Amino acid sequence: MKCNLCGSLETKKYVVFKEYTLMKCSSCGLLFTDQNSIQVKNMYSKDYFDGVHGNFFVDCKKGYESRIKGSGKLQNFQHILQKIKEIKPQGKFMDIGCATGVFLDMAQKEGYDVTGVDVSAFACQYTSENFGIKTLQGKLEDLHVEDKSFDIITMWDVIEHVPDPHAFLKEVNRVLKDDGIIFVLTINDSSLMGWLAEGIYVSSFKTIPTFTRMIHPIHHNYHFKEKHVQKYLDTNGFSFIWKEKSEMPAETIEGGAFVKNAARVLYFISGLTHLQHEIRVIAKKK
C-alpha cells in the first residue's frame with residue numbers, strides 16, 4: 001500500500017483491530033488507517049456528535065455562551081479566534097468540519113462573513129438552523145468553491161479525517177486568497193501519548209494494543225507527527241507563521257473519572273517535556 005505522504009511502497013501492517021487496520025510507512029514513519037479495512041460506515045451521523053463523541057461536543061450546542069467560563073474547548077475557540085484576529089481582523093471565513101457551528105458563530109459575532117463546510121448532514125442542518133450560518137455539505141474537493149474566495153480557512157480536527165490530505169490541502173490552497181491564512185489543529189503523534197502507546201505495544205510484543213487503539217481511533221485516517229504536518233503543508237504551498245502545542249481538554253475525553261484524571265497527570269508531564277498530543281498551526285500561502 002502506497003504512503004500518501006512520501007509515496008513509498010514500503011508500508012506494512014502495524015496493528016489489526018476488529019473494525020480497522022493501522023499501517024506504517026517504513027520510509028517516513030507515517031501511521032495511517034487502511035481505509036479499505038474500515039467496517040463502520042456513515043460515521044458522521046447525529047450519533048457521532050451526541051453519542052460516540054458526546055463529551056467532545058457537549059459544550060458545542062445552542063446556548064454555549066453560558067458555558068464558556070467552565071469549558072476548556074470553548075476557551076480554546078476564543079484563544080484561536082483572537083490569534084486569527086491579530087493577523088486577519090476581517091474577511092470571508094470558512095470553517096471546514098464546522099460540526100455544530102459554535103466556532104463559526106463566535107467568528108460571526110466578531111464581524112467575519114462566515115461559511116461552514118461539513119460532510120455530515122446533521123452538522124450542516126444544526127449549524128444552519130441554530131446559528132443562521134450558511135453551510136455546504138460534502139467534501140471540499142467536491143463542492144466547486146470559487147477560486148481565491150476566502151481570506152481565512154480553519155480546520156479543527158479535520159485533516160486527520162480526510163481520505164487524501166494532499167488533494168484536500170491542494171483544494172484549500174486553491175480556495176484561499178493569495179494573502180489568506182489557514183488554521184490547522186490536528187493530533188501530534190510525536191508526543192508523550194504517542195510514545196507511550198508505541199512503547200507499550202512494542203514492549204508487550206504487540207499483545208497490548210489498548211492504548212494504541214485509544215489514541216488512534218477509527219475516525220482518524222492519519223496519525224501525524226509534527227514533521228508530517230509540516231511536510232504536508234510545505235508540499236502544498238503553505239508556510240508556518242505561528243505554531244503551538246496543546247492537549248485536548250480533559251473534560252472532553254470519553255471515559256470515567258479514572259481516565260480523565262490519568263489524562264490530567266499525563267498532561268502535566270507532557271507540558272513539562274513539551275510533548276503535547278495536539279499541534280496548532282497558522283500558515284500562509286508561499
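Quick one: how many residues across the stretch 230-249 are at pLDDT below 95 and surrounded by fewer than 18 Cβ atoms within 10 Å (Cβ to Cβ)?
Number of matching residues: 0.
Select from the stretch 183-207 the residues that are touching a Lys or Arg at 6+ places or on another chain (Cβ under 9 Å) and either closer than 15 Å to residue 232 by Cβ or at pLDDT 95 or above (or both) and list them in ascending order.
183, 184, 185, 186, 188, 189, 190, 191
Please pick out the residue among 157, 164, 118 that is in contact with a Cys (Cβ under 9 Å, 6 or more places away or on another chain), closer than 19 Å to residue 44 by Cα and of a type in the set (Asp, Glu).
It is 118.
Can you find a residue that is part of a helix (DSSP H, G or I) and either under 21 Å from residue 107 (Cβ atoms) or out of contact with any strand residue (DSSP E or B) (no Cβ under 9 Å at 6 or more places or on another chain) (or both) anywhere in the stretch 144-159? Can you show your working first?
The initial filter retains those residues of the stretch 144-159 that are part of a helix (DSSP H, G or I), namely none.
No, the stretch 144-159 has no match at all.
Conditions: (1) closer than 18 Å to residue 251 by Cα; (2) in a helix (DSSP H, G or I). Residue 59 meets all but one. Number of the miss?
(2)
Just the residues that are closer than 21 Å to residue 22 by Cα and touching a helix residue (DSSP H, G or I) at 6+ places or on another chain (Cβ under 8 Å), please, taken from the stretch 225-244.
Correct list: 225, 232.
Just the residues that are closer than 17 Å to residue 163 by Cα and in contact with a helix residue (DSSP H, G or I) (Cβ under 9 Å, 6 or more places away or on another chain), please, taken from the stretch 2-18.
Those that are closer than 17 Å to residue 163 by Cα and in contact with a helix residue (DSSP H, G or I) (Cβ under 9 Å, 6 or more places away or on another chain): 4, 5, 6.
Go through the stretch 1-28 residue by residue and tally those that are of a type in the set (A, V, I, L, M), over 17 Å from residue 201 (Cα atoms) and touching a residue at least 12 places away in the same chain (Cβ under 8 Å).
2
Only one of these conditions is not met by residue 126: (1) touching a Phe, Trp or Tyr at 6+ places or on another chain (Cβ under 6 Å); (2) within 16 Å of residue 61 (Cα to Cα); (3) of a type outside the set (Asp, Glu). Which number is it?
(1)
Taking the residues in the stretch 102-125 that are among the aromatic types (Phe, Trp, Tyr) and either free of Cβ contacts under 8 Å to residues at least 60 places away in the same chain or in contact with a Leu (Cβ under 6 Å, 6 or more places away or on another chain) (or both) as candidates, determine which candidate is surrounded by the most Cβ atoms within 10 Å (Cβ to Cβ).
103
Considering only residues that are in contact with a helix residue (DSSP H, G or I) (Cβ under 7 Å, 6 or more places away or on another chain) and free of Cβ contacts under 8 Å to residues at least 40 places away in the same chain, which ones fall in the stretch 246-265?
Those that are in contact with a helix residue (DSSP H, G or I) (Cβ under 7 Å, 6 or more places away or on another chain) and free of Cβ contacts under 8 Å to residues at least 40 places away in the same chain: 247, 260, 263, 264.
Scanning the stretch 198-229 for residues that are among the hydrophobic types (A, V, I, L, M, F, W, C) and buried (at least 23 other Cβ atoms within 10 Å of the Cβ), which turns out nearest to residue 150 (Cα to Cα)?
229
Out of all the residues in the stretch 146-166, is one or more without any contact (Cβ under 8 Å) to a residue 24 or more places away in the chain, under 25 Å from residue 247 (Cβ atoms) and crowded, with 18+ Cβ neighbours inside 10 Å?
For the stretch 146-166, residues without any contact (Cβ under 8 Å) to a residue 24 or more places away in the chain, under 25 Å from residue 247 (Cβ atoms) and crowded, with 18+ Cβ neighbours inside 10 Å: absent.
The values are calculated or read from the model by the stated rules, or taken from the named source; none is laboratory data. Being a predicted model, the structure only gives us computed values, none of them experimental. Virtual Cβ from ideal backbone geometry, glycine too; neighbours counted across all protein chains shown.
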